[in-house]
1. Return yes or no: is residue 12 out of contact with any helix residue (DSSP H, G or I) (no Cβ under 9 Å at 6 or more places or on another chain), of a type outside the set (Gly, Ala, Ser) and either assigned to a helix (DSSP H, G or I) or at pLDDT 90 or above (or both)?
2. Can you pull out the residues in region 15-52 that are within 19 Å of residue 105 (Cα to Cα), surrounded by fewer than 12 Cβ atoms within 10 Å (Cβ to Cβ) and modelled with pLDDT of 90 or more?
3. Can you find a residue that is β-branched (Val, Ile, Thr) and touching a residue at least 12 places away in the same chain (Cβ under 8 Å) anywhere in region 29-41?
4. Looking only at region 62-120, which residues are hydroxyl-bearing (Ser, Thr, Tyr) and within 20 Å of residue 37 (Cβ to Cβ)?
5. Taking region 42-57 only, how many residues are touching a residue at least 12 places away in the same chain (Cβ under 8 Å), assigned to a helix (DSSP H, G or I) and closer than 20 Å to residue 93 by Cβ?
6. Find the helices (runs of 4 or more DSSP H) located wholly in region 58-121 whose residues include 1 or more that are aromatic (Phe, Trp, Tyr) and surrounded by 11 or more Cβ atoms within 10 Å (Cβ to Cβ), and list them.
Amino acid sequence: MATAYKVVGSLKQARPIISANKAESRARVVNLYKSWYRQLSRIVIMYKLDVTDKEAHAKLREEFMKNKHITDLRVIDLLVVKGQLELINAVEEFSQKPHLMRFFKDPGNTRPTDFLGKFYAGHDP
C-alpha cells in the first residue's frame, strides 16, 4: 500500500509533450502557421473551395488567433500536432471538401426561423 502512495506522489509533475519551454513552443506554432500559409493556395485549388486565397488566409489567421490565450505547453503541443495532422490530411487529399469547408461556415444565426425548418431541426415551434 505504501508503494501506491509513492507512485501517485511522483505522478503529480506533468512533463511537456514536445516543447521544453515557451520559446520552443512558439517556434513550433509559427512553423505550423507558415506551413499552412504556404499550402493554403494549393489546397483551395485542389479541393475547388468556394473561397478566395485572401479569405482563406484570413480564416487561417482567425483560427490561430482563437487559441492565442492558451499558455499551457502541453495543450499548445497537442494543438500543434493536431494542426500538423490536419495539414497532412489536406495536402495528401485524405480530407474531403466538407471537412475543409466547415471552417468557412457562417457562425451567425443558423437556427431556422420558419415552422417547417424548426420542425425538421427538432426545435420547439
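The values are calculated or read from the model by the stated rules, or taken from the named source; none is laboratory data. In this text, all values refer to a predicted model and were calculated from it rather than measured experimentally. Reconstructed Cβ throughout: ideal geometry from the backbone, glycine too, with neighbour counts over all protein chains shown.
1. No, not satisfied.
2. Selection gives 45, 48, 52.
3. So far as region 29-41 goes, yes, one or more of its residues are β-branched (Val, Ile, Thr) and touching a residue at least 12 places away in the same chain (Cβ under 8 Å).
4. Once the filter is applied, which keeps residues that are hydroxyl-bearing (Ser, Thr, Tyr) and within 20 Å of residue 37 (Cβ to Cβ), region 62-120 yields only 95.
5. Residues flagged as touching a residue at least 12 places away in the same chain (Cβ under 8 Å), assigned to a helix (DSSP H, G or I) and closer than 20 Å to residue 93 by Cβ within region 42-57 amount to 7.
6. The helices (runs of 4 or more DSSP H) meeting that bar are 115-121.
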